[in-house]
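*Asks:* One structure coming up, written as structure tokens, with questions to follow.
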Amino acid sequence: MFSSLSWLYGRVADLRNTLYDKGVFEARDPGARTISIGNITAGGTGKTPLVGYVAEILAARGEKVCILTRGYGRTNPKDRVLVSDGNEILALADRAGDEPFELARKLIGKAIVIADADRSAAAEWAKRKFQVTTFVLDDGFQHRKVKRDLDIVCIDATDPFGGRQMLPAGRLREPIANLNRADVIVITRSEVADNISDLKCEISNWNSAAPTFCSNNRIVACIELEKFHDNAASNLIDVSLENGPTAIKADLGGKPVLGFSGIGNPDNFHETIRKNDINLVATESFADHHRYTQQNILDVEMVAQTTGAKALVTTAKDAVKLSNLKFEIPCFVVAIEIILDDPAGFAKLI
């Protein structure tokens, strides 16, 4: 049954792309330079950190940046929500969505963030209201309704093509051959994969023209949950890269920890923790965009007690939904940044 549905999903995706390619469906010009960052598979590919990275590059060069995102997991998915006007956060995670809220925190003073399923209409509104000069389209590879000037596709090195089957049998959103639409390809989480050379060769078979970059995830700090939510710490604090691992060890003191998250690919989060020499003794995973309850925290702490964990660690995406919950065991938020193998070359393309 899944195979039949996957075949149908692929045919529909190809038909839709053909209609856009032939101009039957028209992509709307948002009126400013637009950079799309997306993926070819469903689930976590490390796309959100790259969205923030690109926005910071643009803001540093004097652009008025606006991030357009659907805002998965929010309570009001049909509403347009101005998450941040670039100066202050105007909506909490339940209305904004966890990833838009996380981006808004990280990019105060650097980017406007809008959550809207109709990103074309949101772009027109933002252009009039804020005089935006550059849009960053989050999760935009399949959102062809918005015309873009640069199409960046993220491919997760640990599971590049989602089992090589279309949804629902696999995780492909469209056939792998459609990578030929990409202008730039970023292989994410390359630090936890062994087959990067082979993967680059296969990508080149589908798209030999697009520059391909590799990115690594690196933990630069562990922040106590309470401090993460302090107004004074509305941004993830900037930490010297060379002091990242030192800061982590100082915060946790070598304690055994339990890692928990509700993200698209929790195994990669766990592996990142291990590679940064954090003593991970147990893990708990929830569905992507999970809304936490106090009972969830009690359950996690029970697992921690039975496994000997003395602290909890989670992601910023999860932490933004934990502000009203009580913890009996210390909880830390890991601040992760991406490191590109050729940052200057990537910035030049941006």
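The values are calculated or read from the model by the stated rules, or taken from the named source; none is laboratory data. What you see is a predicted model, and the numbers here were worked out from it, not measured in a lab. Using ideal geometry, Cβ is built from the backbone for each residue, glycine included, and neighbour counts are taken over all protein chains shown. Accessible surface is based on the protein model in full, side chains and every heavy atom, while ligands, DNA and RNA are left aside. Shrake-Rupley method; radii C 1.70, N 1.55, O 1.52, S 1.80 Å.
*Asks:* Please state which of the following conditions residue 90 fails to meet, knowing it meets all the rest: (1) open to solvent by 20 Å² or more (accessible area, probe 1.4 Å); (2) closer than 20 Å to residue 39 by Cα.
*Replies:* (2)
*Asks:* Looking at segment 182-201, can you tell me whether even one residue there is basic (Lys, Arg) and out of contact with any Ser or Thr (no Cβ under 7 Å at 6 or more places or on another chain)?
*Replies:* No, every residue in segment 182-201 fails to be basic (Lys, Arg) and out of contact with any Ser or Thr (no Cβ under 7 Å at 6 or more places or on another chain).
*Asks:* A follow-up question, please. Just to be sure I understand, how many residues within segment 182-218 are part of a helix (DSSP H, G or I) and either touching a helix residue (DSSP H, G or I) at 6+ places or on another chain (Cβ under 9 Å) or of a type in the set (Lys, Arg) (or both)?
*Replies:* So the answer is 9.
*Asks:* Just checking, how many residues over segment 3-53 are in a helix (DSSP H, G or I) and of a type outside the set (S, T, N, Q)?
*Replies:* Summing the residues that are in a helix (DSSP H, G or I) and of a type outside the set (S, T, N, Q) in segment 3-53 gives 20.
*Asks:* Is there any pair linking a residue in segment 270-298 that is on the phi < 0 side of the Ramachandran plot to one that is of a type in the set (Lys, Arg) and open to solvent by less than 70 Å² (accessible area, probe 1.4 Å), with Cβ under 6 Å and at least six apart or on different chains, and which?
*Replies:* Hits for this filter: 292/321.
*Asks:* Only one residue in 116, 151, 159 is buried (at least 18 other Cβ atoms within 10 Å of the Cβ) and free of Cβ contacts under 8 Å to residues at least 60 places away in the same chain, so which one is that?
*Replies:* Within the list 116, 151, 159, the selection yields 116.
*Asks:* Based on this model, can you work out whether residue 30 counts as surrounded by 15 or more Cβ atoms within 10 Å (Cβ to Cβ), under 22 Å from residue 261 (Cβ atoms), of a type outside the set (Phe, Trp, Tyr) and modelled with pLDDT of 90 or more?
*Replies:* no
*Asks:* I would also like to ask the following. Within segment 155-170, does at least one residue satisfy the condition of being in contact with a Leu (Cβ under 9 Å, 6 or more places away or on another chain), within 30 Å of residue 122 (Cβ to Cβ) and of a type in the set (S, T, N, Q)?
*Replies:* There is no residue in segment 155-170 that is in contact with a Leu (Cβ under 9 Å, 6 or more places away or on another chain), within 30 Å of residue 122 (Cβ to Cβ) and of a type in the set (S, T, N, Q).
*Asks:* For residues in segment 52-81 being more than 24 Å from residue 262 (Cβ to Cβ) and within 19 Å of the chain's Cα centre (by Cα), which is most open to solvent (accessible area, probe 1.4 Å)?
*Replies:* Once the filter is applied, the top-ranked residue is 56.
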